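Right, one structure below, let's go through it.
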Amino acid sequence: MNSITPYIDILSKESHVDFSQYTEMTINRKLEEFITDEKIISPEEFRTKFTTDKMFHMKLLEGLTVRYTELFRDHEFYMALRYQVLPYLSTFSGLRIWSAGCSTGEEAYSLAILLDEYGLLENTTIVATDVNPANIEYGKLGQYSTHRIREYTRNYVNSGGRSQLGKYYSVRGGSIEFGERLKKHIQFQQHDLVKDEAPGSFDLVLCRNVMIYFSHALQTAVTARLAGGVRCYGYLAVGMQESLVNKAHQLTAIDNDYQIYRKVHKV
Ligand SMILES: C[S@@+](CC[C@H](N)C(=O)[O-])C[C@H]1O[C@@H](n2cnc3c(N)ncnc32)[C@H](O)[C@@H]1O
């Protein structure tokens, strides 16, 4: 790890991602996986690739920022959204939703489908953000490999899906592509939770499976930022493995299993 630290510093400067706030365990584990995946056998080989190949920088950034995601990930969570949050959101006139740390966009498309089934999509804007610009470009395309579609269809059905997942995408070669009906409601943009303010105020903010990789101090700072982006009576959801490190910010847990909080003003 020590021999690679200078390269991570360079990557950090290039990408503006502040890795110093990620836990050391996360960085070490992700580096090991990256080195194995890339079949790198020595520090010299790492150095050569880093100094000669710009694509290698992109791959390393992807490896370190952990982009794993899926459609309707943690289907129980979407079930909780469906039955505990959407009935309240449906009383609002027009919705703004922020998917923070959206990776390649699967969470944003899942939300759009859920809202469509609830008749709420027409008046909704979903802002989907991630620190890694390559993820943002991927999300805009809305194209995903068909090889996980069975698993995704199962997730959708288990999340309480009322229709057919297939009606939202077309199949082209080995990919599915979501249609304009969903895409026009999703704005993808680059955003760093460590440095940037919330991109507006929202009725629902999701930041799932992102803060798990941050140090305690960073979790506290990012929680404040996320909470600052939630409107009064709006909701904040973090991942099922996560809980808010700091429950101030007028947030009250409405579901401890699925880590969903609501902002209620004290009187
Ligand atoms: C494991 S994925 C989670 C994706 C999705 N939220 C989910 O639950 O499936 C974590 C994402 O957080 C993003 N991320 C990491 N650090 C970030 C930061 N400082 N600001 C914004 N996004 C960040 C990564 O690029 C990655 O796409």
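Please enumerate the residues belonging to the range 107-144 that are crowded, with 22+ Cβ neighbours inside 10 Å and of a type in the set (D, E).
E107, D130, listed by residue number.
Based on this model, can you work out whether Y213 counts as of a type in the set (S, T, Y) and under 22 Å from G63 (Cα atoms)?
So Y213 fits the description; yes.
Condition first: near the ligand (Cβ under 10 Å from one of its atoms) and not in a loop (DSSP other than H, G, I, E, B). Now tell me which residues in the range 51-74 satisfy that.
Once the filter is applied, which keeps residues that are near the ligand (Cβ under 10 Å from one of its atoms) and not in a loop (DSSP other than H, G, I, E, B), the range 51-74 yields L61, E62, L64, T65.
Looking for something within 18 Å of N132 (Cα to Cα), within 16 Å of the chain's Cα centre (by Cα) and touching a residue at least 24 places away in the same chain (Cβ under 8 Å) - is there at least one such residue anywhere in the range 32-55?
Scanning the range 32-55, I find no residue that is within 18 Å of N132 (Cα to Cα), within 16 Å of the chain's Cα centre (by Cα) and touching a residue at least 24 places away in the same chain (Cβ under 8 Å), so the answer is no.
Kindly list, by first and then second residue, each pair from a residue in the range 64-83 that is among the acidic types (D, E) to a residue that is within 12 Å of the ligand (Cβ to nearest atom) and modelled with pLDDT under 95, limited to pairs with Cβ atoms under 6 Å and residues at least 6 apart or on different chains.
Correct list of pairs: D74/M240.
Give the residues of the range 110-123 that are in contact with a Leu (Cβ under 9 Å, 6 or more places away or on another chain) and closer than 18 Å to L71 by Cβ, sorted by residue number.
S110, L111, A112, I113, L114, L115, D116, Y118, L121 - these are the residues of the range 110-123 that are in contact with a Leu (Cβ under 9 Å, 6 or more places away or on another chain) and closer than 18 Å to L71 by Cβ.
Taking strands (runs of 3 or more DSSP E) that fall entirely within the range 160-242, which contain at least 2 residues that are within 12 Å of the ligand (Cβ to nearest atom) and not assigned by TED's automatic domain parsing to the domain that holds H147?
none
When only residues in the range 4-17 that are touching a residue at least 40 places away in the same chain (Cβ under 8 Å) and surrounded by 15 or more Cβ atoms within 10 Å (Cβ to Cβ) count, which is farthest from R47 (Cα to Cα)?
Among those residues, the one meeting the criterion is V17.
Output the number of residues of the range 100-151 satisfying the condition of being under 26 Å from L193 (Cβ atoms), in a helix (DSSP H, G or I) and within 16 Å of the ligand (Cβ to nearest atom).
Number satisfying all stated conditions: 18.
Looking at the range 15-39, which of its residues are away from the ligand (no atom under 16 Å from the Cβ) and not in a helix (DSSP H, G or I)?
Within the range 15-39, E38, K39 meet the criteria.
The values are calculated or read from the model by the stated rules, or taken from the named source; none is laboratory data. Bear in mind that the values here come from a model prediction, so they are computed numbers and not experimental data. Virtual Cβ from ideal backbone geometry, glycine too; neighbours counted across all protein chains shown.
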